[in-house]
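The values are calculated or read from the model by the stated rules, or taken from the named source; none is laboratory data. Predicted, not measured: the structure shown is a model, and the values here were computed from it. As a convention, Cβ positions derive from the backbone with ideal geometry for all residues, glycine included, and neighbour counts pool all protein chains shown.
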């Protein structure tokens, strides 16, 4: 189909704008969903980036690292995942050395606690073995009602499982042997999410100073 000269001239003269949009193939060797700042035009379908071709190899490498950082920061902010927040710091060339990154992250989150409550679950406590020692149906019902009134958390995922395995090896290297795997998982979950742990188990006392666990 050929446009009449007057229409073609109008299309060629459309103004372009510098915008931040999803790549959508504008830079052909970068992810389509990556946010990029490029030239774009507007029409009845909205803002459309102008195809720029491939990014040079060095620029591509720099941008891909930044895109990963964006994803980690966004995921951490939405989920309150401290591990992802720490990973974002570790790949940011402007951050401090890895050995000090975790303590820096803790300080930053504590200073911004009112603005980032997702990193500090409301209970400030994790319930462990809540039904052990219950002696009567009445007592069981009262305890169940109390526990169900508190927020619930999905404790074990790949990130916590992997960190728990690391902590178990760390504890063994310090001469600490935890009797139950579940205790390492509970301790790790609390340490990673900045939760205080109410407990009646000496294993938590032994692991606390080694994994950064705050016990009551």
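Structure notes:
- Residue satisfying all of: in the range 193-205; modelled with pLDDT of 85 or more and buried (at least 19 other Cβ atoms within 10 Å of the Cβ); farthest from residue 86 (Cα to Cα) among these: 204
- Lone unmet requirement of (1) more than 30 Å from residue 100 (Cα to Cα); (2) surrounded by 13 or more Cβ atoms within 10 Å (Cβ to Cβ); (3) at pLDDT 90 or above for residue 60: (1)
- Residue that is at pLDDT below 80 and within 30 Å of residue 77 (Cβ to Cβ), where the choices are 143, 156, 184: 156
- Scanning the range 129-140 for residues that are within 21 Å of residue 198 (Cβ to Cβ) and part of a loop (DSSP other than H, G, I, E, B), we see that the one that is modelled with the highest pLDDT is 135.
- Boolean, residue 41 is surrounded by 11 or more Cβ atoms within 10 Å (Cβ to Cβ), modelled with pLDDT of 85 or more and either on the phi > 0 side of the Ramachandran plot or not assigned by TED's automatic domain parsing to the domain that holds residue 92 (or both): yes
- In the set (1) assigned to a loop (DSSP other than H, G, I, E, B); (2) under 30 Å from the mean Cα position of the chain (by Cα); (3) surrounded by 11 or more Cβ atoms within 10 Å (Cβ to Cβ), the condition left unmet by residue 51 is number (2).
- Count of residues meeting criterion [touching a residue at least 60 places away in the same chain (Cβ under 8 Å) and part of a helix (DSSP H, G or I)] in the range 168-197: 5
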